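J.: Quick one: the structure is below, and I'll ask about it shortly.
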Protein chains: 2
Amino acid sequence: MEIARIAFLGTGIMGAPMARNIAAAGFDVAVWNRTGGKAEALADVVRVATGVADAVADADAVITMVADGGAVTDLYFGTGGAAEAARRGALFIDMSSIAPEIARDHAARLGEAGHAHIDAPVSGGEAGAIAASLVIMAGAEEADFARARPLFESMGRPTFVGGHGAGQAAKLVNQAIVGVTIGAVSEGLLLAEKTGCDPVAVRETLMGGFATSRILELHGQRMLDRNWTPGGAVRMQLKDLENAVAAAEAAGLTLPLTEAARTAYRELATRPGGAELDHSAYLVWLEERNGLFR
Amino acid sequence: MEIARIAFLGTGIMGAPMARNIAAAGFDVAVWNRTGGKAEALADVVRVATGVADAVADADAVITMVADGGAVTDLYFGTGGAAEAARRGALFIDMSSIAPEIARDHAARLGEAGHAHIDAPVSGGEAGAIAASLVIMAGAEEADFARARPLFESMGRPTFVGGHGAGQAAKLVNQAIVGVTIGAVSEGLLLAEKTGCDPVAVRETLMGGFATSRILELHGQRMLDRNWTPGGAVRMQLKDLENAVAAAEAAGLTLPLTEAARTAYRELATRPGGAELDHSAYLVWLEERNGLFR
């Protein structure tokens, strides 16, 4: 069955531009947001629903983009939730970043209700959402992924990475690599500064070699500018690293670098205001760890 | 004084193509290598000297490209060494990767003998040496760097990063970031595999987002192929990480991720044949650390 009518639940910083891009691609979109006002700002291009049940009533696909697994569970299975209100056979696509085992549980419960599910978290931030260039990591039945591909392509570049939960697992892999790489760049730039190098020149020259990364480019520049305005908040990076370590433990794995980065972000988040800094503020944690203050 | 005549000492895997590129740019090059035969292979484009003293006798610049700091010290200050044999005022350029404090010591001793010194280690490997696209990190007096710039540009892209020793420090920063990033990618791909993801698809999709890096691209592919043929050997990565940790300690710094990667490479190097594997074999260490064997 072709997907034409979309319910989009959660129109925050990420969700609002995603819903706009879906509408621009010709899909028929109804939006709803828990906090009033955010959905209304989209009224020029989409239908603003009066509630979850109204939004999903005639939807072929129900997209959620909210803060965490608990918020998705509420939208799906709370009183007047989408699982009950949607017509049988609707495709539920959760693009929030949540724990893989919760995504698998959602898929199982929706399956019992006759619905399909794709976990499809994203990477690329607000800029990627606006530019429709999000990296989309999908865990699903392959046939459902194929059905949803045109919808995904209105928001970015989708990749099928495995069965239910695999999309969320891939996002945790992404965030583990991001967190550790931010730590690596922090250590490198601090070492440069304390060993007589010009950190600006070092970042510039390293970008031509094996040490180069998107993190060195973007977060390295933030560190040099001491610009801790998010971007990606410490709070969100910590949530993902906690989920990554938990997923690793559930799989019987010890990941020393990921755990070390998780611990650094835990300590950074307990600093006054620390949770709301950009995740490149790992450098601030490292400086404090070394008794340096500015 | 313009630099025209070059002595190039150490024509191994890196040195040989670097000497060729210098000659191709129009410099007058004399080469010497401790192990016979390697220098002779360059006889079509350069003069093969009979010894260190012969190579450096009329050189404006003396380039060294050897395995470690001890080998550079021998070439400079050993019996019949270059410091004594070169004419007064020669520019000594060490492109080997050695400890920053040894480079500073060389610069001081050469200065007493009336010579100038640039520490200018490189990143980019054999492929970069052949393509004349090496990243060159230079620590020097700025005037000496300016004199040497055309010479450096025949081998790659030079950047002035600070005073004596700063080039070597920047190389350690590079290697610390490389080592930790290889660890991050190893942890990510193992987590992907053990949480139901297709690691090939995960690497591919992550390359579009914040987790992307030259390491994910090149070393990530080596990990998927389980291709441990160097490339960059564990032995060399370990040498640089030991020097990075030592330089950090000398600067009063604790760098937890760099130290964790150093420890992993130490253990990997003690494995039979481990020291000669490509540094992407960090994944093998991680698998063994987790009780997984293939």
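J.: Suppose we consider the axis relating copy B to copy A; can you name the residue of B with the nearest Cβ and state that distance in angstrom as an integer?
T.: B:Ser213, 2
J.: Related question: Let me check against my output: what whole-number percent is the relative contact order of segment A:123-237, with C-alpha pairs under 8 Å and at least 6 apart?
T.: Computed value for segment A:123-237: 20 percent relative contact order.
J.: Kindly provide the helix-only [θ] at 222 nm of the protein assembly as shown, computed as the sum of -39,500 (n - 2.57) over DSSP H runs of four or more divided by all residues, to the nearest 500 deg cm²/dmol?
T.: -15500 deg cm²/dmol
J.: In whole Hz, what ³J(HN,Hα) sequence does segment B:267-275 give by Karplus (6.51, -1.76, 1.60; θ = phi - 60°), x for Gly and Pro?
T.: 5, 4, 5, 7, 5, x, x, x, 5
J.: Suppose each label sits 7 Å from its Cα in the direction of the beta carbon; what would the B:Asp68-B:Arg34 distance come out to in nanometres?
T.: 1.0
J.: Considering only the label points, 7 Å along Cα→Cβ from Cα, what distances in nm to one decimal separate A:Ala146 from the same position in each other copy, shortest first?
T.: 6.7
J.: Once neighbouring chains are kept in place and the probe is 1.4 Å, which whole percent of the accessible area of segment A:5-163 is contributed by carbon and sulfur?
T.: In segment A:5-163, the share of accessible area belonging to carbon and sulfur is 52 percent.
J.: Moving on to the next point. How far is it, in nm, from the label point at A:Glu2 to the one at B:Ala41 when both lie 7 Å from their Cα along the line to the Cβ?
T.: Taking the simple label geometry, A:Glu2 and B:Ala41 are separated by 6.3 nm.
J.: At A:Met207, with labels set 7 Å past Cα in the Cβ direction, how many nm apart are the copies from this one, shortest first?
T.: Copy-to-copy label distances at A:Met207, shortest first: 2.1 nm.
J.: If you don't mind, another one. Among B:Val56, B:Val31, B:Val45, whose mean-square fluctuation peaks in a Gaussian network model of chain B (Cα, cutoff 10 Å)?
T.: Ranking B:Val56, B:Val31, B:Val45 by mean-square fluctuation puts B:Val45 first.
J.: I would also like to ask the following. Near the amide H of B:Gly163, under 5 Å away, which other amide H atoms are found, from residues 5 or more places off or on another chain, if H is placed in the peptide plane?
T.: Amide H to amide H, under 5 Å and 5 or more residues apart or across chains, B:Gly163 pairs with B:Ala140.
J.: Determine the relative contact order of chain B: mean sequence separation of Cα pairs under 8 Å and six or more apart, normalised by residue count, in whole percent.
T.: For chain B, the relative contact order is 13 percent.
J.: Also, quick follow-up: Would you mind calculating the relative contact order of segment B:68-108 from Cα pairs under 8 angstrom and at least 6 residues apart, reporting the percent as a whole number?
T.: 49
J.: Now for a separate question. List the accessible area buried at the contact between A and B, summed over both sides and calculated with a 1.4 Å probe, in Å² to the nearest 100.
T.: The summed interface area works out to 5300 Å².
J.: If the limit is 22 Å between Cα atoms, which of A:Lys171/B:Lys194; A:Lys38/A:Lys239; B:Lys38/B:Lys239 go over it?
T.: A:Lys38/A:Lys239; B:Lys38/B:Lys239
J.: Right, another one. If amide H atoms are built 1.01 Å from N in the plane of the peptide, which residues on other chains or at least 5 residues away come under 5 Å of the amide H of A:Ile93?
T.: So A:Ile93 has HN proximity to A:Val62, A:Ile63, A:Thr64, A:Ile118.
J.: Can you give me the Cα centroid spacing of segment B:184-253 and segment A:1-76 in angstrom?
T.: When both Cα centres are located, 38 Å separates them.
J.: Right, next: How many nanometers, to one decimal and shortest first, lie between the label point of A:Leu218 and those of its other copies, if labels sit 7 Å from Cα toward Cβ?
T.: Those label-point separations list as 2.3 nm.
J.: Say R0 is 30 Å: what FRET efficiency, to the nearest 0.05, do A:Ala146 and B:Phe293 get from their beta-carbon distance?
T.: The value I calculate is 0.20.
J.: May I pose another question? Please calculate the 1.4 Å probe accessible area of A:Arg147, with all protein chains present, and give it to the nearest 10 Å².
T.: 70
J.: Assign one of three labels to segment B:179-219, namely rounded, prolate or oblate, based on the Cα gyration tensor with a ≥ b ≥ c the square roots of its eigenvalues; rounded applies when a/c is under 1.5, prolate when it is not and a/b is larger than b/c, and oblate otherwise.
T.: oblate
J.: Under 5 Å between amide H atoms, partner at least 5 residues away or on a different chain: which partners does A:Val46 have, H built in plane at 1.01 Å?
T.: Amide H to amide H, under 5 Å and 5 or more residues apart or across chains, A:Val46 pairs with nothing.
The values are calculated or read from the model by the stated rules, or taken from the named source; none is laboratory data. What you see is a predicted model; the values in this text were computed from it and never measured. In this analysis, Cβ positions are derived from the backbone assuming ideal geometry, glycine residues included, and neighbour counts consider all displayed protein chains. Remember, those area values only see protein heavy atoms, side chains included, never the ligands or the DNA or RNA. Shrake-Rupley method; radii C 1.70, N 1.55, O 1.52, S 1.80 Å.
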